[in-house]
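Here is the structure we will look at.
What follows draws every value from the coordinates through simple rules; no lab data is involved. Computed from a prediction, not measured in an experiment: that's the story for all the values here. Positions of Cβ are generated from backbone atoms using ideal geometry, with glycine treated the same way; all protein chains shown enter the neighbour counts.
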Amino acid sequence: MNDYTFAYLDEQTKRMIRRAILKGVAIPGYQVPFASREMPMPYGWGTGGVQVTAACLTPEDVLKVIDQGADDTTNAVSIRKFFQRTAGVAVTEATVEASLIQTRHRIPEAPLTEAQILVYQVPIPEPLRFLEPREVETRRMHALEDYGLMHVKLYEDIARHGEIATAYAYPVKVEGRYVMDPSPIPKFDNPKLSDSPALQLFGAGREQRIYALPPYTRVVSLDFDDHPFVASKADHACDLCGAGDTYLDEVIIDDAGGRMFVCSDTDHCGSRRRAGHVGRLGVPGKEVA
Amino acid sequence: MYVAVKGGERAIENAHAWLAEERRGDRAVPELTVAQIREQMALAVNRVMAEGSLYDPDLAALAIKQARGDLIEAIFLIRAYRTTLPRLGASRPVDTAAMACIRRISATFKDAPGGQVLGPTFDYTHRLLDFALMAECDVPPAPEASATPGPVPHITGFLNRDGLIQTEAAGEATPPDLTREPLELPASRPLRLQALARGDEGFLLGLAYSTQRGYARNHAFVGELRIGTVAVEVDIPELGFAIEVAEIELTECETVNQFAGSKTEPPQFTRGYGLVFGQTERKAISMALVDRALRWRELGEDFLGAAAQDEEFVLSHADNIQATGFLEHIKLPHYVDFQSELELVRRIRAEAELAQAQPEAAE
């Protein structure tokens, strides 16, 4: 892989992406068009996040890659390996050790710090897309701060279901201005978007958009006074580490409908178990490396 | 008891090894060479070059071999390689009027200067399986005639002389490049043509066909279809003149379409244009029809709500590498989002059941 430059992308491309990132940081929540490149992995597999990561990485960085909260899911493994090969950076599974974390669908449970960058992979960056398919229209709506359609949609949800029937990719408003898609994270993670000490960057490769939340940006999940936003999760504790405050995966464990609930954030779960926490089905000590 | 999706790294490595073995197939059968693919699967090579946006028959053949004949996968390999290449310069516009044609037909005139040349076409073959090809058999050389000297002028040029077809003014502006700048809408015609030239052949074929069947119908004649090689010239600043750096094969299609005229303009024919790498005439004709359908605004026609007229729809969905990536990404784990939906549906169902059980409490 020596034929490629550091982190794969050529320097001109990285500069172009950094400019888009800077513009995104300057206008929090605004979707900045950028000339997304074809990457050696498919569109939809995180090419936007990969390009943002490539543009931010320095040789001193420690990289963590997660998908569904886990470091060992196949696509997380694949992306981590890509940067090990093309950038030779150190990698880690520990959230606290990482200086740059690329994620798909989750925000780590451990609080982030000012020394960290969180890069999200974004499939559809436009929060209004499923209400209005035309980009020309949605850009106009953002420009005019015309978000009535979104409020009508949320209201119709309440009328039909008694609550806002959006469980992930729950729309947020950034610093009272732009409505933003937080990527398909579960709405449980939405509160972590706001006032985060870390820089949060969002890359959508196929849709050619980058947007950003600078540190300590106010991010509010859309709701109504009489139907306030609730960050929901499965009503269980983790069966491995016993945590009652983490987002859980539901795992079917037998043919009789038996289930267990485990932390989706594998690093968080593992460090809790190493610290001696044991859940309903956990085995103390066994997971200790 | 708990078996999570562990060991992703080893699973990936083993999957790759298996894939390589499957690609090779039965080892008792001789391995395909890249040269064989380049020479004997030339139309597949052409499609990969066209939609991969890289003119290199050897690399396209390699990509086809590596992709086990999956042409979209091969196009993807070429695109991912292309994006790493430096831009050394831009060529002068190629002169298709000076093309050395191997095929040149017009459906609008029985004959024209330069003549009709069928060339190597499937058009009048009977689609009967040639079982002789099951065995290796030598093909006798095709009869040859000496090349007709002299230029082969564009057919539409004859119409142009009489003012019967709309003149396309040459622009001085550098055409935009959607591989270097994000696609912004509305797009100019050069940008649309670039997107169409890279677009998926099947998608464009379907759209073009829909215009023929009445979705924004604009009856198209193939004014001219030509295939052949053109010289690629690059201006060398140190020399002060252009030198020829390559010869490439192209397919060019110009359609002649009706135009009813308006209050300000008398009736006149209009054009659709297709230009594609290699011998790729289905794609070139499709491109010309879709190009013409997308020109409704500049030609003062009505928007009929047809897909082929809808610039944002066409340009957003023509790229098969974007499409296949996003389509296939739903294979990736989505269990975090699914879990949140599961909880939502359970909660709403529980509330509904509660309301049914206690009807008086519902209101």
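A compact table of results
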quantity	calculated
Shielding by partners, peptide A:64-73 (average Cβ within 10 angstrom, other chains)	4
Neighbour cut-off at most 10 other Cβ (10 Å), DSSP loop, GluC sites (Glu not before Pro), segment A:1-60	A:Glu60
Peptide-level mean, for A:34-41, of C-beta atoms on other protein chains within 10 Å	6
Qualifying aspartates and glutamates (Cα of each under 13 Å from Cα of A:Lys153; at least 8 residues distant if same chain)	A:Glu132, A:Glu163, A:Asp223
Segment B:132-230: GluC sites (Glu not before Pro) in DSSP loop, at most 13 other beta carbons within 10 Å	B:Glu136, B:Glu144, B:Glu168, B:Glu172
Dipole in debye (nearest 20) - chain A, about Cα centre, beta carbon charges: Lys, Arg +1; Asp, Glu -1	720
Added length on full extension, which subtracts the Cα-Cα distance from 0.36 nm per residue, A:Ile124 to A:Arg274	50.2 nm
Extreme residue, positive dipole direction of segment A:233-282, given options A:Phe261, A:Gly276, A:Ala237 (C-beta unit charges)	A:Gly276
Gyration tensor verdict on chain A (Cα atoms; rounded if a/c is under 1.5, prolate if a/b is larger than b/c, oblate otherwise)	oblate
Distance between segment B:136-168 and segment A:152-230 - C-alpha centres, whole angstrom	59
Size of charge dipole - segment B:12-82 - debye, nearest 20, with Cβ of Lys, Arg +1 and Asp, Glu -1, no other charges	120
Label-point gap, in nm, between B:Thr174 and A:His161 - each point 7 angstrom along Cα→Cβ	5.0
Within the protein assembly as shown, helix-based [θ] at 222 nm, where runs of 4 or more DSSP H residues each add -39,500 (n - 2.57), nearest 500	-10000 deg cm²/dmol
Pairwise label distance in nanometres, A:Ile252 with A:Asp223, each label 7 Å out on the Cα-Cβ vector	3.3
Estimated dipole of chain B in Debye, rounded to 20 [Cβ of Lys and Arg +1, of Asp and Glu -1, Cα centre]	400
Relative contact order, percent, chain A [alpha-carbon distance under 8 Å, six or more residues apart]	20
Loop-located chymotrypsin sites (Phe, Trp or Tyr not before Pro) in segment B:115-190, at most 12 other Cβ atoms within 10 Å (DSSP)	B:Phe122, B:Tyr124
For peptides B:342-348, B:145-151, A:50-56, sequence by mean Cβ density within 10 Å, most packed first	A:50-56, B:342-348, B:145-151
Top of B:Leu299, B:Leu133, B:Leu289 by mean-square fluctuation, Gaussian network on chain B, Cα under 10 Å	B:Leu133
Nitroxide proxy distance, nm - points 7 Å out along Cα→Cβ at B:Phe122 and B:Arg92	3.7
Residue range of chain A that is longest and free of chymotrypsin sites (Phe, Trp or Tyr not before Pro) which are both DSSP loop and sparsely packed (at most 14 other C-beta within 10 Å)	A:5-129
